[in-house]
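**Q** Sharing a structure, written as structure tokens. Questions coming.
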Amino acid sequence: MEHAIIGSGAIGSAIATQFARAGIDVQVANSRGPASLGELSGRLGHRIKPTTVEQALQADVVFLAVPFASVAEVLAGVTNWQERILVDATNAVEFPSFRPIDLDGRLSTQVVSELAAGARVVKAFNTLPAAVLASDPRQHGGRRALFLSGDAPTANAKITDLMDALGFSGIDLGPIDQGGQLQHFGGPLMVHNLIQY
């Protein structure tokens, strides 16, 4: 199964760090092109495969780790996801004010789902600060908890298994309209660094 991360900022790099630590290959792309990813791949090792956004969008599991304002432009590159998995690691935040973006009552992942026709969208990897997300998930005999939600149980199960392979303890919160409320920026599960034993 091919994995790809779109976005090489703080969150994208943190996710890439975990793939490298676990010895799992992952493609990484950003808006500046593969040549700009030399430092990241040099630091993290041969498991990091710089590529283009267009190529990354074709992977079996795609992590979306770009600023929320860029989501529509990135996802415009695919007209039908054909039930591939899109992991939404974004947060709908205005910069530099760091305030929630007004989405007229919708969750940010519902917006992402509308822009990704045919995708099985899973909200995950968005609740921890990047430095914590990048650190070793195995702590004091336990594993750092990561939350996920999604409307396709089979996709949720695959991402839970991937979290386990990366060293985390994945906790499935169910459908997006339920679990997504808890993970949404400003929700009760944001920034909680929990260890499961």
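**Q** Being open to solvent by less than 80 Å² (accessible area, probe 1.4 Å), under 16 Å from residue 62 (Cα atoms) and hydrophobic (A, V, I, L, M, F, W, C): is that true of residue 190 here? Even if it seems obvious, please write down each step before you answer.
**A** On the way: open to solvent by less than 80 Å² (accessible area, probe 1.4 Å): yes; under 16 Å from residue 62 (Cα atoms): no; hydrophobic (A, V, I, L, M, F, W, C): yes.
No.
**Q** Of the residues that sit in segment 56-75 and are assigned to a loop (DSSP other than H, G, I, E, B) and at pLDDT 95 or above, which one is surrounded by the fewest Cβ atoms within 10 Å (Cβ to Cβ)?
**A** First, the residues of segment 56-75 that are assigned to a loop (DSSP other than H, G, I, E, B): 57-60, 65-67.
Retained after the next criterion (residues that are at pLDDT 95 or above): 57-60, 65-66.
Details: 57: 23, 58: 15, 59: 21, 60: 11, 65: 26, 66: 24.
Filtering first and then ranking leaves 60.
**Q** Mind checking which residues of segment 102-116 are part of a loop (DSSP other than H, G, I, E, B) and open to solvent by less than 50 Å² (accessible area, probe 1.4 Å)?
**A** Correct list: 103, 107, 116.
**Q** Scan segment 29-55 residue by residue and report those that are within 20 Å of residue 136 (Cα to Cα) and either crowded, with 21+ Cβ neighbours inside 10 Å or not aliphatic (A, V, I, L, M) (or both). Write out each step before concluding.
**A** The initial filter retains those residues of segment 29-55 that are within 20 Å of residue 136 (Cα to Cα), namely 40-48.
Within segment 29-55, 41, 42, 43, 45, 46, 47, 48 meet the criteria.
**Q** Looking at segment 121-141, which of the residues that are in contact with a Leu (Cβ under 7 Å, 6 or more places away or on another chain) and part of a strand (DSSP E or B) is surrounded by the fewest Cβ atoms within 10 Å (Cβ to Cβ)?
**A** Step by step, filter segment 121-141, then rank; the result is 121.
**Q** Is there a residue in segment 43-63 that is touching a helix residue (DSSP H, G or I) at 6+ places or on another chain (Cβ under 6 Å) and in contact (Cβ under 8 Å) with a residue 60 or more places away in the chain?
**A** Yes.
**Q** Take the conditions of a type outside the set (Val, Ile, Thr), open to solvent by 70 Å² or more (accessible area, probe 1.4 Å) and within 17 Å of the chain's Cα centre (by Cα) and apply them to residue 177. Does it pass? Spell out the reasoning first.
**A** Working: of a type outside the set (Val, Ile, Thr): yes; open to solvent by 70 Å² or more (accessible area, probe 1.4 Å): yes; within 17 Å of the chain's Cα centre (by Cα): no.
So residue 177 does not fit the description; no.
**Q** Could you please tell me which pairs satisfy a Cβ distance under 8 Å, a separation of 6+ or placement on different chains, a first residue in segment 115-136 that is within 17 Å of residue 13 (Cβ to Cβ), and a second residue that is open to solvent by less than 10 Å² (accessible area, probe 1.4 Å) and hydroxyl-bearing (Ser, Thr, Tyr)?
**A** 124/149; 126/90
**Q** Count, please, the residues in segment 85-99 that happen to be open to solvent by less than 80 Å² (accessible area, probe 1.4 Å), over 17 Å from residue 125 (Cβ atoms) and touching a helix residue (DSSP H, G or I) at 6+ places or on another chain (Cβ under 9 Å). Steps first, please.
**A** Taking segment 85-99 first, the residues open to solvent by less than 80 Å² (accessible area, probe 1.4 Å) are 85-94, 97.
Now restrict to residues that are over 17 Å from residue 125 (Cβ atoms): 94, 97.
Of the ones still in play, those that are also touching a helix residue (DSSP H, G or I) at 6+ places or on another chain (Cβ under 9 Å) are 94.
Number of matching residues: 1.
**Q** Further, regarding this structure: If I ask for residues that are under 18 Å from residue 73 (Cβ atoms) and assigned to a helix (DSSP H, G or I), which ones from segment 1-49 would you list?
**A** 11, 12, 36
**Q** Considering segment 154-166 alone, what residues qualify as being surrounded by fewer than 16 Cβ atoms within 10 Å (Cβ to Cβ) and in contact (Cβ under 8 Å) with a residue 40 or more places away in the chain?
**A** The initial filter retains those residues of segment 154-166 that are surrounded by fewer than 16 Cβ atoms within 10 Å (Cβ to Cβ), namely 154, 157, 161, 164-165.
Scanning segment 154-166 gives a single hit, 165.
**Q** Name, by its number, the condition in (1) open to solvent by 10 Å² or more (accessible area, probe 1.4 Å); (2) among the charged types (D, E, K, R); (3) touching a residue at least 40 places away in the same chain (Cβ under 8 Å); (4) under 24 Å from residue 75 (Cα atoms) that does not hold for residue 151.
**A** So the condition that residue 151 fails would be (3).
The values are calculated or read from the model by the stated rules, or taken from the named source; none is laboratory data. No experiment lies behind these values; they were computed from the predicted model shown. Cβ sites come from the backbone with ideal geometry, for glycine too, and all protein chains shown count toward neighbours. Surface areas here come from the heavy atoms of the whole protein model, side chains and all, with no ligands, DNA or RNA. Shrake-Rupley method; radii C 1.70, N 1.55, O 1.52, S 1.80 Å.
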